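Colleague: Before we start, here is the structure in question, set down as structure tokens.
We did not get these values from a lab; they are worked out from the coordinates using the rules stated. This structure is a prediction, so every number in the text was calculated from the model and none was measured. Cβ: placed from backbone, ideal geometry, glycine included. Neighbour counts: every protein chain shown.
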Ligand code: SF4
Ligand code: SF4
């Protein structure tokens, strides 16, 4: 990797490591049990074909998963998210779930709901999840399947969701705001809010692929909305916009421009949670795929990853001048999707500003707080 601007990892001195170790507490972890999916969503950052043999062969076995879970519990984890790809594609999904459940963990599951059967319902009623989170790609067959590129997926999704709701399995609904479904976003939000009153969110920020697939990345970019469209849909959603306005003082901080340091990470990555990829790699968060930031759990122990590797990654520093003078001191970074993980996915380096993110963040800040405009120095 050509990250010439990023200093190589250095082993931390033991007393520093001990101090960080004592301050950090593991709460939860994400298990990506497969990267395969029966859908082929246009915006998806991970999915590989459901029948992809090579990907399937690389998936962690049940025994490997049990071993990681055991180690996570020793580190006092409380909550596990089972995700994918589409996790229900795994033939041993019930075994994985049951193991977590019997270990006393809270469990969330991300699924597209198209594979939910009566058997899943019986199982979830007997062993209830904390919640099942389902993404709604559209509310008409035309839009839903334009996104998923899987004929029949809309009916399967509607049936699966209906089964979950009818049987009172706790469901949370969410949406991605895409070029292919933006015309239906109001209807999607109504659909979701009618079915799950307490919770709905949509996300207009699309991540690029973990495998850097060029063609798929172009598809994802073509699904991204323009900055002004993102602001418009946020304004059209009173709950979301009011929440943003309410937190505005905290989100926009002109004084931050004076506090810059050369640390790459200024977020919570690796504090309280981690992610394991389908092939057994530890990551500090689901978006962070840089080779210097992943740890192979097939060769080492989770405790070492958690106590030793995470502080090393969090200690990484940048020497890139435009990063240090721009994103590192940006007063609106909290309105921006920019972070080292997304910088890597976009530019193959951890500390590059990203023009599209910058434009979206500035459009959001202008819509929220016009009074800050003259004082924001990091214009896109
Ligand atoms: S359903 Fe989810 S995992 Fe499957 S392709 Fe769509 S976004 Fe990706
Ligand atoms: S990309 Fe722009 S808005 Fe985002 S953190 Fe960097 S300077 Fe700020």
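Colleague: Ranking request for peptides 350-357, 320-327, 82-89: highest mean number of other beta-carbon atoms within 10 Å first, then the rest in descending order.
Modeller: Order by mean packing, descending: 82-89, 350-357, 320-327.
Colleague: Quick one, can you get me the convex hull of the C-alpha atoms of the stretch 54-198 expressed as volume per residue in Å³?
Modeller: 128
Colleague: Which order, highest average first, do 112-124, 232-244 follow once you tally other Cβ atoms within 10 Å for each residue and take the mean per peptide?
Modeller: 112-124, 232-244
Colleague: Which percent, to the nearest 5, of DSSP beta bridges fully inside the chain are antiparallel?
Modeller: Of all bridge pairs located within the chain, approximately 20 percent are antiparallel.
Colleague: Compute the Rg to Rh ratio over the chain from the alpha carbon atoms, using the Kirkwood formula for Rh, and round to two decimal places.
Modeller: Rounded to two decimals, Rg over Rh is 0.96.
Colleague: Can you sort 366, 346, 218 from fewest to most other Cβ atoms within 10 Å of each residue's own Cβ?
Modeller: 218, 366, 346
Colleague: Now for a separate question. Could you give me the percent of Cα pairs per 5 Å distance bin for the stretch 101-184, shortest bin first, beginning at zero and ending with the bin that holds the maximum distance?
Modeller: 3, 15, 25, 22, 16, 11, 6, 3, 1
Colleague: Which of the peptides 61-72, 170-181 is most tightly packed, and how do the rest follow, going by the mean number of other Cβ atoms within 10 Å of each residue?
Modeller: 170-181, 61-72
Colleague: What is the ratio of the Cα radius of gyration of the stretch 63-126 to 2.2 N^0.38 Å, with N the residue count, to two decimals?
Modeller: Scaled against compact globular proteins, the figure is 1.12.
Colleague: Rg and Dmax of the stretch 298-362 over Cα atoms: what are they, in angstrom?
Modeller: In order Rg, Dmax, the Cα atoms of the stretch 298-362 give 14.4, 44 Å.
Colleague: With the cut-off at 1.5 for a/c, could you classify the stretch 138-189 from its C-alpha gyration tensor as rounded, prolate or oblate?
Modeller: Because a/c hits 1.5 or more and a/b fails to exceed b/c, the stretch 138-189 counts as oblate.
Colleague: Give me 319, 101 ranked fewest to most by other Cβ atoms within 10 Å of their Cβ, as a rough exposure proxy.
Modeller: Listing 319, 101 from fewest to most nearby Cβ atoms yields 319, 101.
Colleague: For 360, 109, which order do you get if you count the other beta carbons within 10 Å of each Cβ and list the fewest first?
Modeller: With the fewest neighbours first, 360, 109 line up as 109, 360.
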